[in-house]
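The values are calculated or read from the model by the stated rules, or taken from the named source; none is laboratory data. Keep in mind the model is a prediction, meaning the values are calculated, not measured. With ideal geometry, Cβ positions are generated from the backbone for all residues, glycine too; neighbour counts draw on all protein chains shown. What goes into the accessible areas is simple: the full protein's heavy atoms, side chains included, and nothing from ligands, DNA or RNA. Shrake-Rupley method; radii C 1.70, N 1.55, O 1.52, S 1.80 Å.
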Amino acid sequence: MYALGLDSSTQSCSALIIDVDSGSIVAEASVNFGEQLPQYNAPSGFIPGGENGEVHSDPRMWLDALEILLNELQGQCDLSKVRAISGAGQQHGSVYLNDQWFTAIDTLAENQTLAEQLAPTLSRTTSPIWMDSSTGEECHEMTAAVGGEDIVCAKSGSIAIERFTGPQIRRFYKNDPAAYEQTARIHLVSSFLCSVLIGADAPIDTGDGAGMNLVNIDTWDWDSELLEAAAPDLLDKLPAVKPGSTIAGSLCDYFTQQYGFAADVPVTIFTGDNPSSLVGMGASRPGKLVVSLGTSDTFFAAMPSVVADPAGCGHVFGNPSGGSMSLQCFVNGSLAREAVKDKFDYDWDQFTQALANTPSGNDGNYMLPFFRPETSPRVDLPAPILKGSAAFENWADADGAVRACVEGQFLNMKQRTDWMQLQPEVIYLTGGASKNDAIAQVIADIFQAKVQRLLVSGSVGLGAAMRAASNSLGCDLGTLEHRFCQPEVGSTITPQAGSSVYQAAAQAFAALL
Ligand code: ADP
Ligand code: XUL
């Protein structure tokens, strides 16, 4: 039995098909928007040159990509063996549709492409995506309307954020009230594509829905005050919010006839790329955390209970396999580690050696390692702050500075994520810096937990395929994780420093902050 997982992301649309019995991946394909669909003028997946922070994409491009992708998959395997489908989309992006949408989606004809048939249903020709930062004013207005940041955060799991869909909808309503009026349905990228597959209007899941500043995380349904703060009559324009285990419908005739799928294949409701990745990394139950050490560092985990960050730095989304998940971004990440490395003209080997040359706790030398404005915590320093020996404070202790940067980053990560009330059994590391065992050791010591490197490629699509298999094929998610999400052999790092070593450092760091 095969399950198909789709991933419509910023720069590409990819898919993979898993054979749930043998635990193998039977087909994999990806369509790069910029390269394969140059007619949409989006070399990196969005239309360049947007003004005032606007970043938009053409939703027809996502539809064309889906068709190219399915064509490619059809060449790789027998699509009639696919018995379950789900998918994920880049979060926050929104698609605006008029009242023709409901009929058009139900009557897709094979002699025309999806983009051709659905173009007349767009009430806004382009879609704002997550990179759009044009809505600062609308964030302030929504926050003021409901009574402050704390209230928005407690209700929706995040303070009002520029890229989130609620403020984006408000801006559209303010700038083009007539087009807003003509809008009968607003979908996320995920629910839009799910609708297309089932040939009917699909719900939004709690994972992607929570990225809108409109869903209440206690009821997991639309919050009337937030809706009112965003735009008039918004409830009528939104689909229902449903848990990730919901079957949205079955694959419509357009796809069975065009691409050779079997009839009546169940399609699980789509989710956002980050919630899907939680599943694809094998971390969908509490106790496992994922730390991605990329340009920025990102921390996400299934949560034991639903709480919002009282400091307003983190985000709470629905967990597609039940409950909730947290996501928190640390902007300085690799950028700060590189800044220290480059300051002393070190390469990564010398950086790693510096960690080996210095003791845990760094002899009482501490750093607030923020080289650029940070979101966790929300600070904007002119330069990092150093406290310790005179040489250290004057940037004359290269190895001490390297350790202080890395220790400062993960002491900060631990303190800023305390609100999630997690008890980590294992921390899965991914991203470019995860190959550095010396950094992984600091993480293991500070969190006092085992650290393992994950061999992930395509965790978003994999998570979608696993969700489909678990919801429609009766597969146990734990068994699927065991088959598809194994950490790299020999990558386990256990804590070496005793739990007391970082107690003084944690206090000193908090005081410095
Ligand atoms: P993104 O997906 O955000 O583009 P990656 O996950 O590819 O980023 O990570 C890239 C980063 O990994 C680089 O910016 C670099 O700072 C970091 N990196 C690469 N090699 C090492 C290493 N050996 N030790 C620490 N960091 C490293
Ligand atoms: C999360 C976010 C991005 C997008 C695109 O809040 O904005 O991660 O989901 O990947």
Yes/no for THR298 being closer than 29 Å to GLN452 by Cα and not in a helix (DSSP H, G or I): yes
Residues of the range 162-206 satisfying the condition of being without any contact (Cβ under 8 Å) to a residue 12 or more places away in the chain and open to solvent by less than 10 Å² (accessible area, probe 1.4 Å): none
Residue in the range 293-314 that is nearest to ligand 1 (Cβ to nearest atom), counting only those that are surrounded by 24 or more Cβ atoms within 10 Å (Cβ to Cβ) and under 12 Å from the mean Cα position of the chain (by Cα): PHE300
Which numbered condition GLN423 fails, given (1) over 26 Å from VAL306 (Cα atoms); (2) of a type outside the set (Phe, Trp, Tyr); (3) part of a loop (DSSP other than H, G, I, E, B); (4) open to solvent by 40 Å² or more (accessible area, probe 1.4 Å): (1)
Hey, GLY148 open to solvent by less than 50 Å² (accessible area, probe 1.4 Å), in the same structural domain as ALA229 (by TED's automatic domain parsing) and within 16 Å of ligand 2 (Cβ to nearest atom) or not: no
Residues being closer than 20 Å to ALA396 by Cβ, assigned to a loop (DSSP other than H, G, I, E, B) and open to solvent by less than 10 Å² (accessible area, probe 1.4 Å) - total across the range 362-383: 1
Residue count for the range 14-44, restricted to those that are assigned to a loop (DSSP other than H, G, I, E, B) and free of Cβ contacts under 8 Å to residues at least 40 places away in the same chain: 7
Leading residue by the ranking (modelled with the lowest pLDDT) among those in the range 255-314 that are more than 30 Å from TYR2 (Cα to Cα) and hydroxyl-bearing (Ser, Thr, Tyr): THR295
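The rows are residues; the columns are (1) of a type in the set (A, V, I, L, M); (2) in contact with a helix residue (DSSP H, G or I) (Cβ under 6 Å, 6 or more places away or on another chain); (3) assigned by TED's automatic domain parsing to the domain that holds GLY148; (4) within 16 Å of ALA383 (Cα to Cα).
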{"residue": "GLY314", "(1), (2), (3), (4)": "no, no, no, no"}
{"residue": "MET325", "(1), (2), (3), (4)": "yes, yes, no, no"}
{"residue": "LYS341", "(1), (2), (3), (4)": "no, yes, no, yes"}
{"residue": "TYR346", "(1), (2), (3), (4)": "no, no, no, no"}
Residue, surrounded by the fewest Cβ atoms within 10 Å (Cβ to Cβ), within the range 480-513, restricted to residues that are at pLDDT 95 or above and of a type in the set (Val, Ile, Thr): THR494
